[in-house]
Amino acid sequence: MKSTAPDQDEDLDTAVYSFPAIRGMQAGREYYSAMVQLKLIPTIFRFNESEVPPQIRSQRVLNQARIPEIANYIVNNPRDYVFSSISASISDGRVKFISMDPKNPASKLGKLVIPMEAKVLINDGQHRRAAIEVALDQRPELGNETISVVFFIDAGLKRSQQMFSDLNRHAVRPTKSISILYDSRETFAQSVRDMSNTLPIFKDLTEMEKTSISNRSRKMFTLSTIYQATAAFLGKNTKVKKITHEEEKLAHEYWNEVAKNIPDWQLLIRGEVASSSLRSDFIHAHGIALHALGVVGHALIEEFPDSWKEQLKKLHTVDWSRFNENIWEGRAMTNGRISKNQMNLALTSNYLKQKLKIPLKTDEEKNEKRFLKQYPGSIQ
């Protein structure tokens, strides 16, 4: 049974939508899971609440910046995109569920009939709805595909607002690390996973799921940090990242060379020191250092394309001890604690660039001057 365009229902005496559906029960209320053609989504959910005060809306206002990203995801992956269900409330008591088996009215399989004039409000999925409309403008042929919609019979604004709160309260976005781990579409993510499994400094030392590392963990870096650091090294600042074979080879070579020039990392690779011990004593055992080394590496190869490996040997002169506050307080640390906001990253990168004799850019020099004014006792 396919979702249908508007039709006439004899009992309702009005134009209707009808969809194949399954009837269910939650909290003593019936709900219906239906298959709806994409081309009908913009028509059914046609109400714009953006100018309605929050206290009398059932949804948040659309974040317009999210829509192109989701729409491009559909358009660029027409053979393997996937969407979770949209949840919606129907504020019309004349909705009917017609059992597939006339002899068994209690059957859970059937047809959901909704009057066209009924108001259908989204409880969860408004950005998917908007993105589908944009995607259909570019790929009309997707219109006959379907998305599952869970319809609830609306019990009023208060209930709809509570449904929105409940549906989103327990929604947990996957960590950046696990998103990279499971991403089989982006070549850059695949390359980072390969590095984490093959390079000595990352192999068996990468936290693949979490974006933070506990004090006692034997892991050294998170997959998301390796991803960010490698993106910075290769100058990849687009949302969707691609990588060539040459870039992949260069990234492997760079991280191996960096590891050779940080003696503590060599001890870690040989199993002569624990990650937890390094984290407690050294800046280089934290994500901010790896990310900064990625930033610095990009500038290093631009400045010294033929001798960058030789320049990296100057990393031996870096005092990585987090107890040397004259170097790291205000750069990689705030009040003695590791901090990785954008300014900390920029100032840590500045320090490493100066150690490697890489000239600072104008904005980097300005950051450095402001930092030295705030921390006059700092060592450059």
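The values are calculated or read from the model by the stated rules, or taken from the named source; none is laboratory data. These numbers were taken from a predicted model, which means no experiment stands behind them. Every residue, glycine among them, receives a Cβ derived from its backbone with ideal geometry; neighbour counts consider all protein chains shown.
Being surrounded by 13 or more Cβ atoms within 10 Å (Cβ to Cβ), modelled with pLDDT of 80 or more and touching a strand residue (DSSP E or B) at 6+ places or on another chain (Cβ under 7 Å) is a property that does not hold for Asp92.
The C-beta contact set for the stretch 25-40 (first residue closer than 12 Å to Leu142 by Cα, second residue among the aliphatic types (A, V, I, L, M), distance under 6 angstrom, 6+ apart or interchain) comprises Leu38/Ile132; Leu38/Leu142.
Considering each of Ala346, Ala285, Ala289, Ala332 in turn, give the residue that is under 31 Å from the mean Cα position of the chain (by Cα) and over 22 Å from Ile201 (Cα atoms). Quick ask: steps written out before the conclusion?
Numbers: Ala285 fails: over 22 Å from Ile201 (Cα atoms); Ala289 fails: over 22 Å from Ile201 (Cα atoms); Ala332 fails: over 22 Å from Ile201 (Cα atoms).
Sole residue among the options that is under 31 Å from the mean Cα position of the chain (by Cα) and over 22 Å from Ile201 (Cα atoms): Ala346.
The test for being outside any helix (DSSP H, G or I), charged (D, E, K, R) and in the same structural domain as Ile90 (by TED's automatic domain parsing) holds for Glu117.
Could you give every pair whose Cβ atoms fall below 7 Å, whose first residue belongs to the stretch 57-85 and is assigned by TED's automatic domain parsing to the domain that holds Val134, and whose second residue is at pLDDT 90 or above and assigned to a loop (DSSP other than H, G, I, E, B), counting only separations of at least 6 or pairs across chains? Here the result reads Tyr73/Tyr81; Ile74/Tyr81; Val75/Arg139; Pro78/Arg139, each pair linking the stretch 57-85 to a residue that is at pLDDT 90 or above and assigned to a loop (DSSP other than H, G, I, E, B).
In the stretch 17-37, how many are outside any strand (DSSP E or B) and in contact with a strand residue (DSSP E or B) (Cβ under 6 Å, 6 or more places away or on another chain)? Explain how you work it out, then say what you get.
If we filter the stretch 17-37 for residues that are outside any strand (DSSP E or B), which is where we start, we get 27-28.
Within this subset, residues satisfying the condition of being in contact with a strand residue (DSSP E or B) (Cβ under 6 Å, 6 or more places away or on another chain) are none.
So the answer is 0.
Could you say whether any residue in the stretch 301-308 is farther than 22 Å from Ala251 by Cα, out of contact with any Lys or Arg (no Cβ under 7 Å at 6 or more places or on another chain), among the β-branched types (Val, Ile, Thr) and at pLDDT 95 or above?
Our first condition is that a residue be farther than 22 Å from Ala251 by Cα; within the stretch 301-308, this holds for none.
No; the residues of the stretch 301-308 include none that is farther than 22 Å from Ala251 by Cα, out of contact with any Lys or Arg (no Cβ under 7 Å at 6 or more places or on another chain), among the β-branched types (Val, Ile, Thr) and at pLDDT 95 or above.
Given the structure, is Asp306 of a type in the set (Asp, Glu) and without any contact (Cβ under 8 Å) to a residue 24 or more places away in the chain? Steps first, please.
Values: of a type in the set (Asp, Glu): yes; without any contact (Cβ under 8 Å) to a residue 24 or more places away in the chain: yes.
Yes.
Conditions tested, residue by residue: (1) modelled with pLDDT of 95 or more; (2) in contact with a Gly (Cβ under 8 Å, 6 or more places away or on another chain); (3) among the aromatic types (Phe, Trp, Tyr).
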{"site": "Ala231", "(1), (2), (3)": "yes, yes, no"}
{"site": "Lys241", "(1), (2), (3)": "no, no, no"}
{"site": "Glu248", "(1), (2), (3)": "yes, no, no"}
{"site": "Asn256", "(1), (2), (3)": "yes, no, no"}
{"site": "Leu268", "(1), (2), (3)": "yes, no, no"}
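Those residues that are of a type in the set (D, E, K, R) and either surrounded by fewer than 18 Cβ atoms within 10 Å (Cβ to Cβ) or in contact (Cβ under 8 Å) with a residue 40 or more places away in the chain (or both), I need them from the stretch 207-228; list them, please. The answer is Glu209, Lys210, Arg216, Arg218, Lys219.
Of the residues making up the stretch 24-70, those that are at pLDDT below 55 and either within 14 Å of Ile122 (Cβ to Cβ) or not hydrophobic (A, V, I, L, M, F, W, C) (or both) are Phe47, Asn48, Glu49, Ser50, Glu51, Val52, Pro53, Pro54, Gln55, Arg57, Ser58, Gln59.
Being assigned by TED's automatic domain parsing to the domain that holds Ile226, loosely packed, with under 13 Cβ neighbours inside 10 Å and modelled with pLDDT of 95 or more holds for only one residue in Thr348, Thr362, and it is Thr362.
Looking at the structure I just gave you, is Phe83 at pLDDT 90 or above, under 18 Å from Ile22 (Cα atoms) and of a type in the set (Phe, Trp, Tyr)?
Details: at pLDDT 90 or above: yes; under 18 Å from Ile22 (Cα atoms): no; of a type in the set (Phe, Trp, Tyr): yes.
For Phe83, the condition - at pLDDT 90 or above, under 18 Å from Ile22 (Cα atoms) and of a type in the set (Phe, Trp, Tyr) - is not met.
Would you mind stating whether Asn367 is loosely packed, with under 11 Cβ neighbours inside 10 Å, without any contact (Cβ under 8 Å) to a residue 40 or more places away in the chain and over 22 Å from Ile301 (Cα atoms)? The answer is no for Asn367.
The residues listed here are Asp183, Asp204; of these, the one that is within 19 Å of Ala274 (Cα to Cα), assigned by TED's automatic domain parsing to the domain that holds Ala299 and surrounded by fewer than 18 Cβ atoms within 10 Å (Cβ to Cβ) is Asp204. Checking each residue in the stretch 178-228 for being farther than 25 Å from Glu246 by Cα and among the β-branched types (Val, Ile, Thr) picks out Ile178, Thr211, Ile213. Screening Ala289 on (1) touching a residue at least 60 places away in the same chain (Cβ under 8 Å); (2) touching a helix residue (DSSP H, G or I) at 6+ places or on another chain (Cβ under 8 Å); (3) surrounded by 14 or more Cβ atoms within 10 Å (Cβ to Cβ) shows it passes everything except condition (1). The residues in the stretch 229-282 that are within 17 Å of the chain's Cα centre (by Cα) and surrounded by fewer than 22 Cβ atoms within 10 Å (Cβ to Cβ) can be counted, and the count is 8.
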